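The values are calculated or read from the model by the stated rules, or taken from the named source; none is laboratory data. As the structure is a computational prediction, the values presented were derived from the model and not from experiment. All Cβ positions, glycine included, derive from the backbone under ideal geometry; neighbour counts span all protein chains shown. Please note that ligands, DNA and RNA were not included when accessible areas were found on the heavy atoms of the full protein model with its side chains. Shrake-Rupley method; radii C 1.70, N 1.55, O 1.52, S 1.80 Å.
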There are 2 protein chains.
Amino acid sequence: MESFVTKASASAQPLKNADELIDSVETFIFDWVIWKGDKLIDGVPETLDMLRSKGKRLVFVTNNSTKSRKQYGKKFETLGLTVTEEEIFASSFAAAAYLKSIDFPKDKKVYVVGEDGILKELELAGFQYLGGPEDGGKKIELKPGFLMEHDKDVGAVVVGFDRYFNYYKVQYGTLCIRENPGCLFIATNRDAVTHLTDAQEWAGGGSMVGAFVGSTQREPLVVGKPSTFMMDYLANKFGIQKSQICMVGDRLDTDILFGQNGGCKTLLVLSGVTSLSMLQSPNNSIQPDFYTNKISDFLSLKAAAV
Amino acid sequence: MESFVTKASASAQPLKNADELIDSVETFIFDWVIWKGDKLIDGVPETLDMLRSKGKRLVFVTNNSTKSRKQYGKKFETLGLTVTEEEIFASSFAAAAYLKSIDFPKDKKVYVVGEDGILKELELAGFQYLGGPEDGGKKIELKPGFLMEHDKDVGAVVVGFDRYFNYYKVQYGTLCIRENPGCLFIATNRDAVTHLTDAQEWAGGGSMVGAFVGSTQREPLVVGKPSTFMMDYLANKFGIQKSQICMVGDRLDTDILFGQNGGCKTLLVLSGVTSLSMLQSPNNSIQPDFYTNKISDFLSLKAAAV
């Protein structure tokens, strides 16, 4: 769907000397690999403490747009991790940050197909919006001649994961994109799969976005992984060189590609959805710089142990 | 989306001698250009009568899957046109006919994302199905560990236009396509636009299909226009040469492409969504053999008048 070119790279190497990697980077970006369901993965707090003690900046990114940064901060807190809002980059925030970065006019409105997180971030950023959960129960009247009115001031439609997706939202957003001159079509992500619950894989934000691609025949601007928007934003905000960032994640086609698209170092952890055999399959063209079993390997894989 | 190659053709010619075209074909396939909203277009009954009197076979095709052939037959009747069920080919019927054509096992089931027409046609064809309108009000429970069960006997998911589209259906159909070995993904059509009411363009079946493309990362098998399935079926059923069929429609990217993909003659009528300037735009690569203003031109454009 996205047309990123995977950089040709040698096969991934097992991480043998964590200290060398740690010393070579200034910032670690973690995908949500630090927890599984509602539990922290063993050894995560100690690993993060060690990295902080070495002066490393930590950033947590997610394509999940259903919560705001503040809401995610609370989730970290209940798990016993202290993470500030500024360290959290969810695609809900990315959508608002993108609109800010292009000086989206404050007198224009954003139509939201998605959940509460996007609304909260738009509000914090000072943008006017409509849609979101309140359109979840709306239906189309089908009397002859019926016309759905839409707000001509909508200048952007933001589409994210939405459990309350319905035809009303498809038609409303489609009218805005098709009929409002210059209206933007922004996707928080195009993930096929999301993790509503641990018990199975759930259809992800890619399905809501796919519906709008089908009805508008336009491609969205993606602000979440693997688009480089968040990486560019981070590098810019913190004044970091991208070569001094290491992206740590468990998905090749989002996390690792995101790191590579952004020109960062990449570390795949095998504690999530990607197995060693998937990484080494001839069908896989995405090779991180390093791979390891779990995040806490940072604590044990010391040069001194050699 | 579809990978049909448009046949390189000369620019469309205005229809000047209708008799010559009529004499050269055995069957006319009409898209729904015969009516607009709930009214027949002027001169249509007389034109159809004239064609029938010359022994021409008439077939009416639509990508709309919300009704069955029988239900469309009643609509024709209320408009004062006598059309038999056998002359009507809606994509709801095409989905069932496709499953029949591949001997889809009668002990397997079809999961339907769509409206009543698909269910009625599957039932007539003797297939077991689930889903459809009855899943329109279903919601996902979000307690931790929740798992949506799905029927392992579903061997095909048929996706058509659906006003009652929701996340439950996306997840159910996605699970079937992703987890049931060999499960087919069939689309009635991928139209961006449909005509629920006259008053505006409505997001079409392409949006429901797009959602499943996004969540399954698979491409559907399309049975409606512009896929050639219906044309092949017609040629086979009636024993017609495709070069003796003329497709008459108002859309370049569905009707005319459908005719051309099937190797038929094509006539564009300008009484619908396509204007002469759209046809002649350098951005348009789809050229019918002929174009004319309206269907009733068949009555007036006589060689004798020259």
Next item on the list: Filter the strands (runs of 3 or more DSSP E) completely within the stretch A:51-141 down to those with at least 3 residues that are more than 14 Å from chain B (Cβ to nearest Cβ) and buried (at least 21 other Cβ atoms within 10 Å of the Cβ).
Entry: A:57-62, A:88-90, A:109-113
Notebook entry, point to check: If you check residue A:149 against the conditions, is it farther than 16 Å from residue B:166 by Cα, away from chain B (no Cβ under 14 Å) and not hydroxyl-bearing (Ser, Thr, Tyr)?
Noted result: no
Margin query: Among the residues in the stretch B:238-257, are any more than 20 Å from the chain's Cα centre (by Cα), more than 22 Å from residue B:98 (Cα to Cα) and within 12 Å of chain A (Cβ to nearest Cβ)?
Written below: no
Margin query: Can you tell me how many residues within the stretch A:228-240 are over 14 Å from residue A:60 (Cα atoms) and open to solvent by less than 10 Å² (accessible area, probe 1.4 Å)?
Written below: 0
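Restricting to the stretch A:12-25, count the residues that are in contact (Cβ under 8 Å) with a residue 12 or more places away in the chain and open to solvent by 60 Å² or more (accessible area, probe 1.4 Å). Give the steps one after another, and end with the answer.
Residues of the stretch A:12-25 that are in contact (Cβ under 8 Å) with a residue 12 or more places away in the chain, as a first pass: A:12-22, A:24-25.
Next, from what is left, pick out any that are open to solvent by 60 Å² or more (accessible area, probe 1.4 Å): A:13, A:16, A:20.
Residues in the stretch A:12-25 being in contact (Cβ under 8 Å) with a residue 12 or more places away in the chain and open to solvent by 60 Å² or more (accessible area, probe 1.4 Å): 3 in total.
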Note to self: I'd like the full set of residues that are within 20 Å of residue B:227 (Cα to Cα) and among the basic types (Lys, Arg), limited to the stretch B:71-124.
What the structure shows: B:100
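Could you list all residues from the stretch A:26-41 that are buried (at least 21 other Cβ atoms within 10 Å of the Cβ) and part of a loop (DSSP other than H, G, I, E, B)? If you could, list the steps in order and put the result at the bottom.
Let us first name the residues in the stretch A:26-41 that are buried (at least 21 other Cβ atoms within 10 Å of the Cβ), namely A:28-31, A:33-34.
The answer is A:31, and nothing else.
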Notebook entry, point to check: Any idea how many residues of the stretch B:163-191 are assigned to a helix (DSSP H, G or I), open to solvent by less than 10 Å² (accessible area, probe 1.4 Å) and either of a type in the set (Asp, Glu) or in contact with a Gly (Cβ under 8 Å, 6 or more places away or on another chain) (or both)?
Noted result: 2
Next item on the list: Pick out the one residue from A:244, A:200, A:217 that is of a type in the set (S, T, N, Q), in contact with a helix residue (DSSP H, G or I) (Cβ under 9 Å, 6 or more places away or on another chain), surrounded by fewer than 24 Cβ atoms within 10 Å (Cβ to Cβ) and within 27 Å of residue B:200 (Cβ to Cβ).
Entry: A:217
Next item on the list: Scan the stretch A:280-301 and report the pairs whose first residue is over 26 Å from residue A:53 (Cα atoms) and whose second residue is open to solvent by 30 Å² or more (accessible area, probe 1.4 Å) and of a type outside the set (Lys, Arg), with Cβ atoms within less than 7 Å and a gap of 6+ or a chain change.
Entry: A:284/A:278; A:285/A:6; A:286/A:6; A:286/A:253; A:287/A:9; A:287/A:10; A:287/A:11
Next item on the list: Search the stretch B:159-176 for residues that are without any contact (Cβ under 8 Å) to a residue 60 or more places away in the chain and pair each with any residue that is polar (S, T, N, Q) when their beta-carbon atoms are under 7 Å apart and the residues are at least 6 apart or on different chains.
Entry: B:165/A:166; B:166/A:166; B:170/A:207; B:170/B:215; B:174/B:215; B:174/B:216
Notebook entry, point to check: Filter the stretch B:167-211 for residues that are over 13 Å from residue A:215 (Cα atoms) and aromatic (Phe, Trp, Tyr); which is farthest from the other protein chains (Cβ to nearest Cβ)?
Noted result: B:185
Item checked: Boolean, residue B:253 is over 19 Å from residue B:87 (Cβ atoms), in contact (Cβ under 8 Å) with a residue 40 or more places away in the chain and charged (D, E, K, R) -> no
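To keep it simple, each residue is scored yes or no on (1) more than 18 Å from residue B:23 (Cα to Cα); (2) of a type in the set (A, V, I, L, M); (3) surrounded by fewer than 23 Cβ atoms within 10 Å (Cβ to Cβ).
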residue: B:223; (1), (2), (3): yes, yes, no
residue: B:260; (1), (2), (3): yes, no, no
residue: B:270; (1), (2), (3): yes, yes, yes
residue: B:283; (1), (2), (3): yes, no, yes
